[in-house]
Amino acid sequence: MSKYHNIVPISLFVTLTFVSPLQAGKLGLGRPALPDEVAAWDLDVRPDGTGLPDGSGDVLTGEEIFADNCAVCHGDFAEGVDNWPKLAGGMGTLDRDDPLKTVGSYWPYLSTTWDYVNRSMPFGNAQSLTPDEVYGVVAYILYSNDLVDEDFVLSRDTFTEVHLPNADGFIVDDRKSAEAHFVTDPCMQNCKDKVEITMRARVLDVTPDTGD
Amino acid sequence: MTFRFKGNPPSRRQFLTGAAAIGAGAVAATTARAAGDPLITEPQYWAQGLGEGVDATPYGLPIEYESDVVRRNVDWLTADTISSINFTPIHALDGTITPQGCAFERHHSGAIELTKEDYRLMINGLVDTPLVFTYGDLERFPRENHVYFCECAANTGMEWAGAQLNGAQFTHGMIHNMEYTGVPLRTLLEEAGYQTTGKWVYVEGADASGNGRSIPMDKALDDVLVAFKANGEALRMEHGYPVRLVVPGWEGNMWVKWLRRIEVADAPVESREETSKYTDTLANGISRKWTWEMDAKSVVTSPSPQSPITHGPGPLVITGLAWSGRGAIKRVDVSKDGGKTWETARLAKPGERMALSRFYLDTEWDGTEMLLQSRAMDETGYVQPTKAQLREVRGLNSIYHNNCIQTWWVKPDGEAENVEVS
């Protein structure tokens with residue numbers, strides 16, 4: 001999220017004199033970051049859309065960009081190729097064996113898709129898409145997950161209209177309570193009657209050959 | 001055995017004595033062989049000739065006989081090696097410090113070459129003055145040394161559904177333990193003047209993956225380090241040279257490599273690595289997020305499938321590693337019978353907070369099969385659970401944070417296998 005518009009530009013050569021009350025003395029190291037520098041690196045987008053740039057993109061344009069830049073790994077319909085990540089499908093699988101986690105089935109926030117595609121994809125040529133292209137590609141990923149219609153246009157304005165199905169599917173780490181019983185006085189003797197081997201790694205035989 | 005002089009050629013006199021000695025040895029070997037171990041009774045070439053001179057390897061590597069003690073990956077886990085992981089050969093190491101050269105690697109866009117000259121670190125967001133530091137600036141802040149383990153949250157992840165990989169390296173090798181030198185993150189945040197509305201810091205790397213994680217301000221101000229040295233020397237490229245974040249006790253993905261930006265914010269970013277990944281889906285389909293701490297865990301590193309018993313019955317050293325993201329290891333118990341009875345092992349030294357502990361059980365092996373297990377206890381009283389206990393709470397679909405008790409089935413021939421027991 002860029003805050004650069006709030007920053008009064010400070011000359012590189014001005015020494016800083018103000019110190020926040022509770023914080024230790026400053027050494028005066030480093031130099032003020034310039035607004036353009038902050039803008040260049042501060043690209044992350046928050047769940048409420050803060051940080052999204054101007055621009056827009058529609059599903060069909062997005063489909064073309066996806067075909068050219070993404071499909072080789074993620075498949076024409078975002079269904080994934082070989083071991084490369086699947087970006088679509090898997091709805092309703094989270095409580096089954098081997099759930100399929102995709103943008104559609106698992107991701108809680110659309111901001112994450114925008115942010116990740118914008119900063120990290122395509123793999124090997126990150127940060128090569130324009131904001132309009134990212135809007136379009138993300139619209140297409142939504143479409144591939146049956147979450148928007150073919151005529152959908154994604155922009156900062158329509159962004160908040162989209163709710164991902166698994167938005168409420170997360171709880172904050174509850175190990176302290178849910179696993180409180182792991183704090184215990186462990187058994188040392190006669191801890192169980194019998195022990196049987198129930199599964200062997202060699203039977204599965206998926207360990208790489210280490211040459212010894 | 002060829003006799004090779006290395007370094008400066010020997011003088012004629014040295015050469016003659018050397019040749020004469022070899023001749024004598026050869027005669028002794030064919031005629032009156034002295035009783036005993038020839039390695040002792042016969043002069044050996046390394047005790048006669050000269051070894052390598054200094055500077056033969058300006059930066060030394062392990063001797064060739066240790067060439068199998070290397071990181072290894074598991075091909076089928078990932079689509080390619082650029083976004084992938086490999087494993088520390090913990091089965092072959094002892095003590096607690098992991099040499100950088102065999103410490104596991106995990107990249108999301110490959111390991112990048114970033115020079116100190118090109119390195120910049122930005123602090124922005126809710127601060128009085130957004131700042132940019134060079135590498136040189138970082139070295140001018142007061143710095144600290146700490147030993148911490150770094151464990152990938154996915155360590156042992158392949159074992160959720162059952163015993164899969166046959167070796168401690170593969171089941172437990174996404175971990176390393178190093179002594180870091182760096183500047184407390186707190187110092188840098190104070191330098192920029194973080195504001196009290198800032199409840200989180202978002203940390204981000206300079207590589208193409210732009211790996212970014214949100215860390216609560218309390219942790220950021222507590223013990224997080226901006227590190228530039230590990231085990232006394234510069235970080236390796238694969239571990240984030242020149243600067244990485246060290247987040248003691250918390251999952252490895254948060255230890256952002258090639259750290260380039262720290263943003264003080266009032267809310268978490270909910271980046272890909274803290275939503276799509278590094279979240280834990282329970283049996284009911286609901287997923288835990290922000291499961292940052294690594295639970296107490298241990299593993300017997302030897303004997304183990306890659307480190308079988310080769311000496312037959314008699315004195316046996318059982319050894320392994322234990323650690324906890326919530327503090328120091330207090331105790332480690334070892335079972336030889338799959339968890340029916342337990343004995344308390346010896347800690348090589350008192351546990352240190354968020355660092356690996358080495359344990360030993362010095363025992364007598366009767367040559368019969370064993371179902372070897374270890375069980376760690378940390379200073380909070382948390383006891384490492386069995387796989388069954390974990391599954392009861394978390395189901396079978398978790399990937400991360402598998403800290404269950406591991407079982408090695410050691411057979412009478414000394415070979416060991418990864419198994420699951422009732």
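The values are calculated or read from the model by the stated rules, or taken from the named source; none is laboratory data. None of the values given here were measured: they were computed from a predicted structure. Every residue, glycine among them, receives a Cβ derived from its backbone with ideal geometry; neighbour counts consider all protein chains shown. These area figures cover heavy atoms from the full protein model, side chains too; ligands, DNA and RNA do not enter into them. Shrake-Rupley method; radii C 1.70, N 1.55, O 1.52, S 1.80 Å.
Structure notes:
- Charge tally in the Cβ shell below 9 Å around residue A:172, where Lys, Arg are +1 and Asp, Glu are -1, residue A:172 excluded: 0
- Cα convex hull of chain A - mean projected area over all directions, nm²: 22.3 nm²
- Threshold 10 Å² - residues in the stretch A:112-136 whose accessible area is reduced by that much or more when the chain is no longer isolated, probe 1.4 Å: A:112, A:115, A:116, A:119, A:120, A:123, A:126, A:127
- 3J(HN,Hα) along the stretch B:249-260, derived from phi through the Karplus expression 6.51 cos²θ - 1.76 cosθ + 1.60 where θ = phi - 60°, amounts to x, 9, 4, x, 4, 7, 7, 3, 8, 6, 3, 10 Hz, with x in place of Gly and Pro.
- Among A:141, A:65, A:171, the largest mean-square fluctuation in a Gaussian network model of chain A, built with springs joining Cα atoms closer than 10 Å, belongs to A:171.
- Taken over chain B, the ratio of Cα radius of gyration to 2.2 N^0.38 Å equals 1.16.
- Left without a cysteine partner by the 4.7 Å Cβ rule in chain A: A:70, A:73.
- Per residue of peptide A:178-184, the mean number of Cβ atoms on other chains within 10 Å of the residue Cβ is 6.
- Cα Rg, Dmax (largest Cα-Cα span) when computed across the stretch A:103-187, Å: 18.5, 63
- Packing around the peptides B:229-236, B:374-381, taken as the average count of other Cβ atoms within 10 Å per residue, puts them in this order, highest first: B:374-381, B:229-236.
- Inter-chain Cβ neighbour count for B:279-286, averaged per residue, equals 6 (cutoff 10 Å, partner chain atoms only).
- Look at the stretch B:384-396: the mean tally of other chain Cβ atoms within 10 Å of its residues' Cβ atoms is 2.
- Here the scattering of the stretch B:76-288 is modelled by Debye summation over its C-alpha atoms, one equal scatterer each and no solvent; at q = 0.09, 0.11, 0.13 Å⁻¹ the log10 of I(q)/I(0) is -0.35, -0.53, -0.74.
- Chain A: angle of helix A:131-144 to the longest principal axis, Cα-based, in degrees nearest 10: 30 degrees
- Across chain B, the mean sequence separation of Cα contacts (distance under 8 Å, 6 or more residues apart), normalised by length, yields a relative contact order of 15 percent.
- For the residues A:96, A:46, A:156, a GNM of chain A with alpha-carbon springs under 10 Å puts the largest fluctuation on A:96.
- Heavy atoms of the protein chains alone define the surface here; on that basis chain B has 38 Å² accessible area per residue at 1.4 Å probe size.
- Estimated buried accessible area (total), pair B and A, 1.4 Å, Å² to nearest 100: 8000 Å²
- Largest GNM mean-square fluctuation across B:279, B:88, B:57, computed for chain B with C-alpha springs under 10 Å, falls on B:57.
- Descending semi-axes in Å of the protein assembly as shown, equivalent ellipsoid built from Cα gyration tensor: 47, 32, 25
- Degrees separating the helix B:12-30 axis from the principal Cα axis of chain B, which is the longest one: 70 degrees
- Convex hull of Cα atoms in the stretch B:297-419, direction-averaged projection (nm²): 7.5 nm²
- Per-residue packing, averaged as other Cβ atoms within 10 Å, sorts the ranges B:297-304, A:157-164, A:33-40, B:204-211 into the order B:297-304, B:204-211, A:33-40, A:157-164, beginning with the highest.
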